[in-house]
Amino acid sequence: MRRVSLAVPARRSEVSVEDAIAMRKSRRAFKRSALKKSDLSMLVWAARRVPSAGAIYPLELYLVIGAVEDIKPGVYHVMDDSTMELHRDGDLRTELAIACLRQMFIADAALSIVITAEYERTTRRYGERGIRYVYMEAGHVSQNIYLECEALGLATVAIGAFHDEEVANVLDIPEAHRPIYLMPVGVRAL
Ligand SMILES: Cc1cc2nc3c(=O)[nH]c(=O)nc-3n(C[C@H](O)[C@H](O)[C@H](O)COP(=O)(O)O)c2cc1C
């Protein structure tokens, strides 16, 4: 079965938006424990609730999952809020960490959200200016993930330092989907 259904996100937490903004910081210490599947639903939902220039939506999200309850390790492609497809089998967290200039704490995170883009969707309409729009949109996704992690008491950090080709190879993604930003997410160790 390649398709995995996610639960409807609860969309509730005890943390206000203001508290999440105030508490947000980059957290790189992850417990090696599994993430709840319900937390994954919330993260995917938050990552997809973003503005997009011309409502074109050039971003594609992949999840490098190592330890999420009831989900086998692998690379998953997010199809919509509640569906993801297994794209590649196996726990690839260590390979991903190595591709990110050996930032090995990435291998401790339960999963990483890899933000990729099909630039042509946006540049077809906006030309070269579309490139900057795509980066702006990736920033929106990243910030939502940061804030949702604060709301759920999880840890995350934005990762921009990685070898593009190596990350693409680990994910085995189509040529058109270029990785631009990464967010390892896991249970807080500190
Ligand atoms: C575009 C960008 C790229 C980043 N890349 C990395 C990275 O590769 N590794 C890392 O540990 N932190 C990375 N960070 C996180 C920054 O180091 C962090 O945001 C900064 O130190 C400020 O700390 P704070 O997020 O806790 O406020 C990146 C942040 C941004 C915005």
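Full extension of the chain segment joining Arg124 with Ala189 gains 19.0 nm, where the gain is 0.36 nm per residue of separation less the Cα-Cα distance.
Between the amide H of His87 and those of Val75, Tyr76, His77, distances stay under 5 Å, these residues lying 5 or more places away or on another chain, with hydrogens modeled in the peptide plane.
So what's the net charge close to Leu59: Lys and Arg +1, Asp and Glu -1, counting the other residues with Cβ under 11 Å from its Cβ? Don't skip to the end; give the middle numbers.
Numbers: positive: Arg48, Arg121, Arg178; negative: Glu60, Glu118, Glu137.
For residues surrounding Leu59, the net value is 0.
Quick one: with all protein chains in place, what share of the accessible area of the stretch 111-168 is carbon or sulfur, to the nearest percent (1.4 Å probe)? With neighbouring chains kept in place, the figure for the stretch 111-168 is 48 percent.
Can you bin the chain into rounded, prolate or oblate? Criterion: square roots of the alpha carbon gyration tensor eigenvalues sorted a ≥ b ≥ c, rounded for a/c under 1.5, prolate for a/b above b/c, oblate for the rest. Rounded, since a/c falls under 1.5. The length gained by stretching the chain between Val15 and Asn169 to full extension, at 0.36 nm per residue less their Cα-Cα distance, is 51.7 nm.
Solvent-accessible area of Met23, all protein chains in place: 80 Å² (probe radius 1.4 Å, heavy atoms, ligands and nucleic acids excluded).
In this structure the chain gives 48 Å² per residue of accessible area when probed at 1.4 Å with all protein chains present.
Amide H contacts of Val157: Arg27, each under 5 Å away and 5 or more positions distant or on a separate chain (H built 1.01 Å from N in the peptide plane; Pro and chain starts excluded). Ignoring the sites themselves, the chain has its longest run without GluC sites (Glu not before Pro) in a DSSP loop having at most 13 other Cβ atoms within 10 Å at 70-127. Centre-to-centre, using Cα atoms only, the stretch 118-190 and the stretch 65-105 are separated by 14 Å. Only Cα pairs under 8 Å and 6+ residues apart enter the sum, and on that basis the relative contact order of the chain stands at 30 percent. Backbone amide hydrogens, once placed in the peptide plane, bring Val68 within less than 5 Å of Leu35, excluding anything fewer than 5 places away on its chain. Largest accessible area first, the residues Asp91, Asp70 order themselves as Asp70, Asp91 under a 1.4 Å probe with ligands, DNA and RNA left out.
The values are calculated or read from the model by the stated rules, or taken from the named source; none is laboratory data. Quick caveat, the model's predicted, so the values are computed rather than measured. Because the Cβ atoms are built from the backbone with ideal geometry, glycine has one as well, and the counts that use them run over all protein chains shown. Remember, those area values only see protein heavy atoms, side chains included, never the ligands or the DNA or RNA. Shrake-Rupley method; radii C 1.70, N 1.55, O 1.52, S 1.80 Å.
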